[in-house]
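K.L.:
Just passing along the structure, written as structure tokens.
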Amino acid sequence: MIDHDFLSEMLCSVRLSGAVFFEVDAAAPWVAAAPPKEKIAQTVVSGAQHVIDYHVIVEGSCWTRLTNPDSQPIKLGAGSVVVFPQGDTHVLASDPGLDAEPNFAAFDEIARGRSLPFHIDLRGGEVGTTRLLCGFLGCDVAPFNPLISALPRVIHVPDGYGSGEGFLGHLIGAAVRETQATDAGSDGILVKLSELIFIEVIRRYAASMPLDADGWLAGLRDPAVGRALRLLHRDCAHPWTVAELAREAGMSRTILSERFTALLGIPPMAYLTSWRMQRAASLLCAGTATLAQITDAIGYESEASFSRAFKRMTGLSPSHWRQNARHR
């Protein structure tokens with residue numbers, strides 16, 4: 001199982017943030033379509049580089065599919081969680097053959113300050129048979145987010161209520177209770193619950209991957225490469241070398257470098273540079289650290305060398321990156 005704390009730290013560095021925004025009650029026949037992630041970023045998760053959609057089936061069942069013509073529908077039962085890590089447009093419906101256009105009006109109302117969670121009634125006067133919680137998570141994907149790029153278009157956990165040790169079921173139950181609460185602070189609790197649900201889904205997805213899988217999660221699961229990744233993430237300012245990482249991982253420099261590159265697609269030192277730029281971007285977006293402080297925090301010897309490396313990777317100087325972040 002992927003370490004929860006490490007995954008949380010990684011997602012914090014790419015500024016993951018989310019909330020449960022829609023509570024849906026539906027009776028067949030019904031259909032709802034998610035809008036493009038660009039629309040969600042404009043209206044709901046303001047300023048997010050990237051938007052992830054997720055849905056929890058609280059009661060009843062439904063179908064979902066991507067809107068591309070080759071997509072196969074997925075049956076979602078009570079307790080299911082479905083996540084769209086790449087923010088693809090998709091449909092939720094009582095029948096797999098139903099289709100619809102996105103309901104932009106609901107998103108515009110939220111943008112105008114409508115209180116959350118936003119309730120959508122698709123019962124048409126009938127007794128509802130399906131209840132869903134729908135949410136969105138914003139995060140950075142640039143300059144470097146190895147986790148999101150390693151995830152598939154759809155992740156489906158069939159039984160969040162009963163799977164594994166039951167932690168996901170407790171999170172779902174807590175989210176349901178908070179959507180009905182009127183206490184001060186409920187919105188903030190929903191934000192954290194949304195993030196925890198996403199992290200737990202990712203952990204379950206990683207545990208289900210085949211042993212011969214590659215990518216960031218496969219690398220994290222590998223004992224030696226995972227050890228190297230943790231070291232790079234937790235102290236990116238350290239002047240790491242492949243030889244030092246190999247000693248810490250308990251294998252030869254050549255074998256570690258080959259295994260790291262095979263799983264992640266880039267060598268260890270190139271990964272370190274990319275991660276340093278992501279940490280710098282996160283600090284620039286936070287808006288409080290000076291250029292000198294950021295340079296020191298990511299292990300560069302001078303502001304000039306850091307600025308050159310950052311512009312080489314992003315196409316923007318650190319000051320322009322910070323200005324763009326403030327504009328978003």
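The values are calculated or read from the model by the stated rules, or taken from the named source; none is laboratory data. As the structure is a prediction and not an experimental result, all values here were calculated from the model. Cβ: placed from backbone, ideal geometry, glycine included. Neighbour counts: every protein chain shown. Only protein heavy atoms, including side chains, enter the accessible area calculation; ligands, DNA and RNA are left aside. Shrake-Rupley method; radii C 1.70, N 1.55, O 1.52, S 1.80 Å.
K.L.:
Output the residue which, of all residues in the stretch 275-296 that are surrounded by fewer than 16 Cβ atoms within 10 Å (Cβ to Cβ) and at pLDDT 95 or above, is nearest to residue 212 (Cα to Cα).
P.N.:
296
K.L.:
Looking at the stretch 44-69 only, could you name the residues that are surrounded by 17 or more Cβ atoms within 10 Å (Cβ to Cβ) and either polar (S, T, N, Q) or under 30 Å from residue 281 (Cβ atoms) (or both)? Give the derivation first.
P.N.:
Taking the stretch 44-69 first, the residues surrounded by 17 or more Cβ atoms within 10 Å (Cβ to Cβ) are 44-45, 48-58, 60, 62-66.
Once the filter is applied, which keeps residues that are surrounded by 17 or more Cβ atoms within 10 Å (Cβ to Cβ) and either polar (S, T, N, Q) or under 30 Å from residue 281 (Cβ atoms) (or both), the stretch 44-69 yields 44, 45, 48, 49, 50, 51, 52, 53, 54, 55, 64, 66.
K.L.:
Condition (residue is touching a residue at least 12 places away in the same chain (Cβ under 8 Å), closer than 19 Å to residue 4 by Cβ and surrounded by fewer than 17 Cβ atoms within 10 Å (Cβ to Cβ)) applied to the stretch 236-246: is it met by at least one residue?
P.N.:
Within the stretch 236-246, not a single residue is touching a residue at least 12 places away in the same chain (Cβ under 8 Å), closer than 19 Å to residue 4 by Cβ and surrounded by fewer than 17 Cβ atoms within 10 Å (Cβ to Cβ).
K.L.:
Failed condition for residue 75, given (1) within 16 Å of the chain's Cα centre (by Cα); (2) free of Cβ contacts under 8 Å to residues at least 24 places away in the same chain, with all others met?
P.N.:
(1)
K.L.:
Something else about it: Can you tell me which of (1) open to solvent by less than 40 Å² (accessible area, probe 1.4 Å); (2) over 21 Å from the mean Cα position of the chain (by Cα); (3) in contact (Cβ under 8 Å) with a residue 12 or more places away in the chain is the one residue 181 doesn't meet?
P.N.:
Looking at each condition in turn, residue 181 falls short on (3).
K.L.:
Kindly provide the set of residues from the stretch 79-100 that are part of a loop (DSSP other than H, G, I, E, B) and not polar (S, T, N, Q), ordered by number.
P.N.:
Residues satisfying the conditions are 79, 85, 87, 88, 95, 96, 97, 98, 99, 100.
K.L.:
Taking residue 151 as the residue in question, decide whether it is closer than 29 Å to residue 285 by Cα, at pLDDT 90 or above and touching a Phe, Trp or Tyr at 6+ places or on another chain (Cβ under 7 Å). So that I can check it myself, show each step before the final result.
P.N.:
On the way: closer than 29 Å to residue 285 by Cα: yes; at pLDDT 90 or above: yes; touching a Phe, Trp or Tyr at 6+ places or on another chain (Cβ under 7 Å): no.
Judged against the criteria, residue 151 is not a match.
K.L.:
Working only within the stretch 10-43, note down all residues that are open to solvent by less than 30 Å² (accessible area, probe 1.4 Å) and small (Gly, Ala, Ser).
P.N.:
13, 18, 19, 26, 27, 33, 34, 41
K.L.:
What about residue 199, is it of a type in the set (A, V, I, L, M), in contact with a helix residue (DSSP H, G or I) (Cβ under 7 Å, 6 or more places away or on another chain) and more than 21 Å from residue 149 (Cα to Cα)?
P.N.:
no
K.L.:
While we're looking at this one, here's another question. Kindly indicate which of 195, 165 is open to solvent by 20 Å² or more (accessible area, probe 1.4 Å) and at pLDDT below 85.
P.N.:
Answer to the selection: 165.
K.L.:
Would you call residue 231 modelled with pLDDT of 95 or more and buried (at least 16 other Cβ atoms within 10 Å of the Cβ)? Explain how you work it out, then say what you get.
P.N.:
Values: modelled with pLDDT of 95 or more: yes; buried (at least 16 other Cβ atoms within 10 Å of the Cβ): yes.
The answer is yes for residue 231.
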